[in-house]
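Here's the structure, in structure tokens; my notes come after.
The values are calculated or read from the model by the stated rules, or taken from the named source; none is laboratory data. Being a predicted model, the structure only gives us computed values, none of them experimental. In this analysis, Cβ positions are derived from the backbone assuming ideal geometry, glycine residues included, and neighbour counts consider all displayed protein chains. We work out accessible area using only protein heavy atoms, side chains counted, and drop any ligands, DNA or RNA first. Shrake-Rupley method; radii C 1.70, N 1.55, O 1.52, S 1.80 Å.
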Amino acid sequence: MEALAPVAYGFVLVFFRTAALMITAPLFGIRSLPAQLRVALSACVAFVAFTGAGLPQVAVPAHLGVLLSDVALETVLGLFAGNAVRFALEAAASAGQLTAQAMGLGYGAMLDPLNGAESTALGQLFRMLVLAAALALGLHREAVGWLANSVTQIPPGTVTGLADLARSSIVQALEAIALSVRLGFPFLAAVTLGHLVLGLVGRAAQQLHFSNLGFSVSILFGGGALWVVAPPMLRACAQSALHYFPGG
């Protein structure tokens, strides 16, 4: 039994790393999944990664403080990895929010049960489409692949460099904000162009009262931009998320 203790402790650390990744990573971290299913999935994936890495052994610490520190470090590593990808994919949802506000669809905001936040129809549509694109590109396989590589490259119990992880997480969050602005810019520009055209026409023929068509013009120009720009834009966003795994 004493010989199995280092192996069991190593698996426990890998399990905490896996569980943290599963909680935060898209697709795996959907709230609609039952907690029991998440735990079972985390245990299965952790077992595969742990055995694939050659059953790394970790000496069981003699003090509870060291044990809690090891568990916390493994959990933080998994959280950083999952959030890095979530930042990239949530940029698409933020772009959908900006587009809905520009097109005058913000009044239809509703509570998103999967994320516990207010969202619009376009925000939900963008989120679902980019998740579908990420699934088609194999984001779930990349997540499991990163985990398996991390167990080999960063063995359990040897997690260091939390300051570097924190800095990279901040940079990734800022990059996601910039990405959401870039994604939403074509739609905002299209809606602005529509209002500009409407203003010029209304200026030339004031007796026709084109100002009443403002909402229709926003829908027309914004919808046209959605038709042209949204598919390649969301696919590019999903592709960028594939490279957000640390070490991926």
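Based on this model, can you work out whether Thr152 counts as surrounded by fewer than 16 Cβ atoms within 10 Å (Cβ to Cβ), out of contact with any Pro (no Cβ under 8 Å at 6 or more places or on another chain), touching a residue at least 24 places away in the same chain (Cβ under 8 Å) and among the polar types (S, T, N, Q)? Yes. Between Leu122, Leu111, the distinction of being modelled with pLDDT under 80, part of a strand (DSSP E or B) and of a type in the set (A, V, I, L, M) belongs to Leu111 only.
Hey, any hits in segment 35-42 for a residue that's within 27 Å of Ile170 (Cα to Cα), in contact (Cβ under 8 Å) with a residue 40 or more places away in the chain and assigned to a helix (DSSP H, G or I)? Checking segment 35-42: not a single residue is within 27 Å of Ile170 (Cα to Cα), in contact (Cβ under 8 Å) with a residue 40 or more places away in the chain and assigned to a helix (DSSP H, G or I). Applying a threshold of 8 Å to beta carbon distances and a minimum spacing of six or more residues, or different chains, the list of pairs starting in segment 48-76 at a residue that is free of Cβ contacts under 8 Å to residues at least 24 places away in the same chain and ending at one that is in a loop (DSSP other than H, G, I, E, B) reads Leu67/Val60; Leu67/Pro61.
Here's the yes/no breakdown for (1) surrounded by fewer than 14 Cβ atoms within 10 Å (Cβ to Cβ); (2) at pLDDT 70 or above:
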{"residue": "Ala166", "(1), (2)": "yes, yes"}
{"residue": "Leu179", "(1), (2)": "no, yes"}
{"residue": "Ala190", "(1), (2)": "no, yes"}
{"residue": "Leu198", "(1), (2)": "no, yes"}
{"residue": "Phe210", "(1), (2)": "no, no"}
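Filtering segment 48-60 to residues that are over 13 Å from Val7 (Cα atoms) and over 28 Å from the mean Cα position of the chain (by Cα) leaves nothing. Looking at this structure, is Gly214 at pLDDT below 80, more than 30 Å from Arg127 (Cβ to Cβ) and of a type outside the set (D, E, K, R)? It is false that Gly214 is at pLDDT below 80, more than 30 Å from Arg127 (Cβ to Cβ) and of a type outside the set (D, E, K, R).
Of the residues making up segment 137-158, those that are within 17 Å of Leu55 (Cα to Cα) and in a loop (DSSP other than H, G, I, E, B) are Ile154, Pro155, Pro156, Gly157, Thr158. One residue stands out among those in segment 13-39 that are of a type in the set (Gly, Ala, Ser) and open to solvent by 50 Å² or more (accessible area, probe 1.4 Å): the one that is farthest from Glu74 (Cα to Cα), which is Ser32.
Here the condition is being closer than 18 Å to Gly157 by Cα, modelled with pLDDT under 80 and hydrophobic (A, V, I, L, M, F, W, C); of Leu68, Leu4, Leu21, Leu13, it holds for Leu4 alone.
Here the condition is being open to solvent by 60 Å² or more (accessible area, probe 1.4 Å), over 25 Å from Phe87 (Cβ atoms) and not in a loop (DSSP other than H, G, I, E, B); of Val7, Val60, Val48, it holds for Val48 alone.
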